[in-house]
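Values in this text are rule-based calculations from the coordinates and carry no lab data. On a predicted model such as this, the values are computed, not experimentally measured, just so you know. Here the Cβ is made from the backbone with ideal geometry for all residues, glycine too, and neighbour counts use every protein chain on show.
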Amino acid sequence: MKKAVIISTIVLALLSATVAWYIYLDKSTFKRPQTPTKPYPYYSEEVRFRNDSANVTLAGTLTLPSKEGSYPVVILISGSGPQNRDEEILQHKPFLVLADHLTRNGIGVLRYDDRGTGESTGDFKTATSLDFSKDAESAVQFLKTRQDIDTTKIGLAGHSEGGLIAPMVAARSGDIAFVVLMAGPGMELKKALLLQDGLIAKAFGMSDANVKKLVGINEKAYDLVIQSTDLEKLKTDMTRFVNDHISEIPDKLITEQMTREQFAAARIEGLSSPWTQFMLKYDPGKTLEKVKCPVLAINGEKDMQVVPDENLAAISLALKKGGNSNVTIKKIPDLNHLFQECATGSPKEYQEIEQTFSPVALNEISRWILGLKS
C-alpha cells in the first residue's frame, strides 16, 4: 500500500501552504548510503540547554573530534517547518551527514531538535523566525560554558530558513566567528516566494497560463499578509480570500487524498500564522548589512526553492553594503535545494535520489571553515 506524504513549503521552503507537493511513498526503506552508522570515530554527547526567555529546553547532539582538546564548533540551524536535529526528510538526514563530515575533519558540531520537536520542549506553531534565532543564541551561550571547545571559534550554519536565522544571531552577537548560509534567502521574501511558486508549479507540469494564474493569486494573498496588523482579522480576511479563489487552484495541486476544502483550510492556517506574518514583513538584507564576521554563502545551481542567482547576489550586495569584505559566494553546479546532485532540481526528485548531501558541497563548507584565519 502506498500513502501520500504532503510536503508543503512549511517543511522545505520559506512559507507554508503556497504550493502543496505530493510525493507517494511506499513502506520500503530507501537506500541512503551516506547516512553514517555507529560506532563513530569521534566523541558524541547528548546535550540539553535552555532558552530561559521562552521557557524552552532544547535537546541536541554535540560531536567533537575527540573528548580531549579545544575545537572550533559550528551550530546547525534547520530550515522551515518542525525539524529534528538531523533535519530529517524522506529518510534523508542531511544534518547528520554534514555533522559527521565536519567532525571527521576536525570541526565540532552542535545540532538540536527545533522547539516543540523531538526531545525539545516548547510550542513550534506559535513561534517565528525571531523566536528560533533566540533558540540558536541559547545554543551559543551553552557552548561558551564548555571547556572542550574553542569559544573564539563558534560559528553558525543555517539551511534555507536557517540561512535567514543565522544572520539574525550574528548581527546581535559578537560571539559569532563565522556564518555559513546554505540556500539562505537574501532578497525580498515576497519576490523570492513568487519565483519559487512559479518554478515549482511548472516543474509539477502546470501550463504557463495556470502558473501565471497561481502566481497572481499567491501575490494577492502575500499582500494581504504584508498589509495586516491583526492576526485575527488576517485570518478572517484570508478565509474569505482563499474561499473566493479555491476553485481556481489547478487540479494538479490537489491530490485525491485531500479535498479542496482541506486544501483551503491548510492555506488559511499557514498564511494566517504569526510565522508567516513575520516572514513576509522581514527584510533579510537589512540584517545581513549588520553581519561583520566571515560569511560563506552557497546555493545549488538547480535550487527551485531559494533560486541561486537572485539570492546570492542579494546576500553579497547586503554584506558588502555593510562593509563586510570577508565574503565567499559559491553557486555549485547540478545541486538542488537539499544539495543533492540532481537532474532538474524539482522537489519530486528529493526522495528518488540516494545521495543525501553532495560531497562537493560538504568539502566546500569544511575547507572554508578550516581555512579561516585565527
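Summary of computed values
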| quantity | calculated |
| --- | --- |
| Rounded to 10°, Cα long-axis angle of helix 208-227 versus longest principal axis of the chain | 70 degrees |
| Residues E188 and E352, FRET efficiency given R0 of 41 Å [Cβ-Cβ distance, rounded to 0.05] | 0.80 |
| Likely footprinting exposure, D309, D131, D148, D197, fewest C-beta neighbours within 10 Å first | D309, D148, D131, D197 |
| Sorted peptide list for 270-278, 76-84, 114-122, 132-140, criterion being average Cβ within 10 angstrom, highest first | 76-84, 132-140, 270-278, 114-122 |
| Nearest-ten-degree value, helix 129-143 long axis tilted from longest Cα axis of the chain | 10 degrees |
| Around E289: net Lys/Arg minus Asp/Glu count, Cβ-Cβ under 12 Å | +4 |
| Gyration tensor verdict on the stretch 234-374 (Cα atoms; rounded if a/c is under 1.5, prolate if a/b is larger than b/c, oblate otherwise) | oblate |
| Relative contact order of the stretch 102-197, defined on C-alpha pairs under 8 angstrom at six or more residues apart (%) | 20 percent |
| Computed [θ] at 222 nm, deg cm²/dmol, the chain (DSSP H ≥ 4; -39,500 (n - 2.57); rounded to nearest 500) | -11500 deg cm²/dmol |
| Pairs of lysine residues in the stretch 259-365 - Cα separation under 14 Å, sequence separation of 8 or more or cross-chain | 9 |
| GluC sites (Glu not before Pro) within the stretch 324-374: DSSP coil, no more than 15 neighbouring Cβ in 10 Å | E352, E354 |
| Among beta bridges that DSSP assigns inside the chain, antiparallel share in %, nearest 5 | 45 percent |
| Gaussian network model of the chain, Cα within-10 Å springs - most flexible of N243, N51, N324 | N243 |
| Cα gyration tensor shape for the chain, rounded if a/c is under 1.5, else prolate or oblate | prolate |
| Cα-based shape type of the stretch 295-374, given that a ≥ b ≥ c are square roots of the gyration tensor eigenvalues and the cut on a/c is 1.5 | oblate |
| Nearest-ten-degree value, helix 260-271 long axis tilted from longest Cα axis of the chain | 50 degrees |
| Added length on full extension, which subtracts the Cα-Cα distance from 0.36 nm per residue, E119 to D334 | 73.9 nm |
| Among T259, L199, V47 - extreme Cα towards positive end, dipole of the chain, charges at beta-carbon | V47 |
| Distance (nanometres) between label positions extended 7 Å along Cα→Cβ at D244 and L231 | 2.4 nm |
| Residue-count net charge about G60 - beta-carbon cut-off 11 Å; Lys, Arg +1, Asp, Glu -1 | -4 |
| Burial ordering of E289, E87, fewest other beta-carbon atoms within 10 Å first | E289, E87 |
| Local electrostatic count at S160 - Lys and Arg +1, Asp and Glu -1, tallied over other residues with Cβ under 11 Å | -3 |
